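Trainee: This structure is in structure tokens; I'll ask about it shortly.
Please treat every number below as a calculation from the coordinates, not as lab data. The structure displayed is predicted, hence computed values, not measured ones. We place every Cβ from the backbone using ideal geometry, glycine too, and count neighbours over all the protein chains shown.
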Protein chains: 2
Amino acid sequence: MEQFTRTQALAFMAQGAPTGHLATTREDGRPHVAPIWFIIDGDDVVFNTGSSSVKGRNLAREGRAAITVDDPQPPFAYVIAEGPVIISEDPADLIATATEIGGRYMGQLKAESYGKRNAVPGEYVVRMRCDRISGARNVSD
Amino acid sequence: MEQFTRTQALAFMAQGAPTGHLATTREDGRPHVAPIWFIIDGDDVVFNTGSSSVKGRNLAREGRAAITVDDPQPPFAYVIAEGPVIISEDPADLIATATEIGGRYMGQLKAESYGKRNAVPGEYVVRMRCDRISGARNVSD
């Protein structure tokens, strides 16, 4: 097993189109986790989510999150990142991020249509700063 | 998008060898998430983790968890499950579950060696009962 540096961990999350798994804390303390589409912008994980979704409400109330991204095939690799979040509802930010995220996961030909589909009123742009980030590759070796 | 029934969601988690992403709550309320290997036993998600790991300590203190499992390729599918956990340190339970889990992710030829590697003192067997379970397939259609 080889530990990632911060730079390697961010590069791992930015490569290809792996889904992320976003953990938040519910009001009563129970954990919540859900898969997300995301992009990496500098040291930030950027994603869209509905303001009335469980994760949207948890993020607005708690202001923090954690995410895992992994390669689920042997020899396995993963990254765990945690940090505070900033939420925006700016329409220009929403269409720009939703288009980029749509392109990452559905291909550039569908970026614009997925951007329009997802950049609707009530959607948040969430930026999680990776204050803590760790991970490794060749985990099963 | 087609919602899974409970039976379909459990079958999705039991099929192939997808990693799980386990969310727990830290003592100060911050969320934690990490990838795990697991098996499905009836309505339970069963996995091993170190008693001194962040997730091991959170599980022992909080007694509950949440997990996501997904297919990260278009048209995408996912399951989210949540529930209480029961922790065992019984050596026979530990070697049995570690061997079955090793076989799932590394293949039957390596099941015994991964079972022995992972069934060491200080490891927990964790059973999370899926009190809440939901998910869908063809998410991007």
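Trainee: Can you list, shortest first and in nm, the gaps between the label point of A:Pro75 and those of its counterparts in the other copies, using a point 7 Å from Cα in the C-beta direction?
Mentor: Inter-copy label distances (nm, one decimal, shortest first): 3.8.
Trainee: From the label point of A:Ser134, set 7 Å along Cα to the beta carbon, how far off in nm is each other copy's matching point, shortest first?
Mentor: Nearest first, the other copies' label points are 3.3 nm away.
Trainee: Right, something else. Hand me the GluC sites (Glu not before Pro) from segment A:1-106 located in a DSSP loop with no more than 12 other Cβ atoms within 10 Å, in residue order please.
Mentor: Filter output for segment A:1-106: A:Glu27, A:Glu89.
Trainee: For B:Lys116, put the label point 7 Å out on the Cα→Cβ axis and report which residues of segment B:82-97 keep their amide N under 17 Å from it.
Mentor: Answer for segment B:82-97: B:92, B:94-97.
Trainee: If I model a spin label as a point 7 Å beyond the Cα along the Cα-Cβ vector, how far apart are those points for B:Asp28 and A:Ala96 in nm?
Mentor: 3.2
Trainee: So if I place +1 on the C-beta of Lys and Arg and -1 on the C-beta of Asp and Glu, and nothing else carries charge, what would the dipole magnitude of the protein assembly as shown be about its Cα centre? I want it in debye, nearest 20.
Mentor: Computed charge dipole of the protein assembly as shown: roughly 120 debye.
Trainee: Could you check the simple spin-label distance between A:Ser88 and B:Leu109, using points 7 Å along Cα→Cβ, in nm with one decimal?
Mentor: 5.2
Trainee: Residue by residue through segment A:37-49, what is 3J(HN,Hα) from phi via Karplus (6.51 cos²θ - 1.76 cosθ + 1.60, θ = phi - 60°)? Round to whole Hz and write x for glycine and proline.
Mentor: My calculation for segment A:37-49 gives 8, 8, 10, 9, 10, x, 9, 9, 8, 10, 8, 10, 7 Hz in order.
Trainee: Within the set of other residues whose C-beta is less than 12 Å from the C-beta of B:Ala111, count the net charge using Lys and Arg as +1 and Asp and Glu as -1.
Mentor: Cβ neighbours under 12 Å give a net charge of +2.
Trainee: Give me the one-decimal Kirkwood hydrodynamic radius in Å for the protein assembly as shown, with the sum taken over alpha-carbon pairs.
Mentor: For the protein assembly as shown, inverting the mean 1/r across all distinct Cα pairs yields 19.1 Å.
Trainee: In chain B, if every C-alpha pair distance is counted and binned at 10 Å from zero, what percent goes to each bin?
Mentor: Bins of 10 Å from zero give 13, 41, 34, 11, 1 percent of pairs.
Trainee: Considering only A:Asp70, A:Asp28, A:Asp41, give the residue with the highest GNM mean-square fluctuation for chain A, with springs between Cα atoms whenever their separation is below 10 Å.
Mentor: A:Asp28
Trainee: Which of A:Met106, B:Met1 comes first, and how do the rest follow, when ranked by fewest Cβ neighbours within 10 Å?
Mentor: Fewest-to-most Cβ neighbours within 10 Å comes out as B:Met1, A:Met106.
Trainee: Give me the distance between the Cα centres of segment B:56-119 and segment A:78-141, rounded to whole Å.
Mentor: 28
Trainee: Let me ask something additional. Among B:Val46, B:Val85, B:Val54, determine the one that fluctuates most according to a GNM of chain B built with springs between C-alpha atoms less than 10 Å apart.
Mentor: For chain B, modelled as a Gaussian network with Cα springs under 10 Å, the answer is B:Val54.
Trainee: In vacuum, with every alpha carbon of segment B:32-106 counted as one equal point scatterer, what does the Debye formula give for log10 I(q)/I(0) at q = 0.18, 0.22, 0.23, 0.25 Å⁻¹? Two decimals, please.
Mentor: Here log10 of I(q) over I(0) equals -0.82, -1.18, -1.27, -1.42.
Trainee: While we're here: By count of other Cβ within 10 Å, fewest leading, how are A:Val69, A:Val139, B:Val120 ordered?
Mentor: With the fewest neighbours first, A:Val69, A:Val139, B:Val120 line up as B:Val120, A:Val139, A:Val69.
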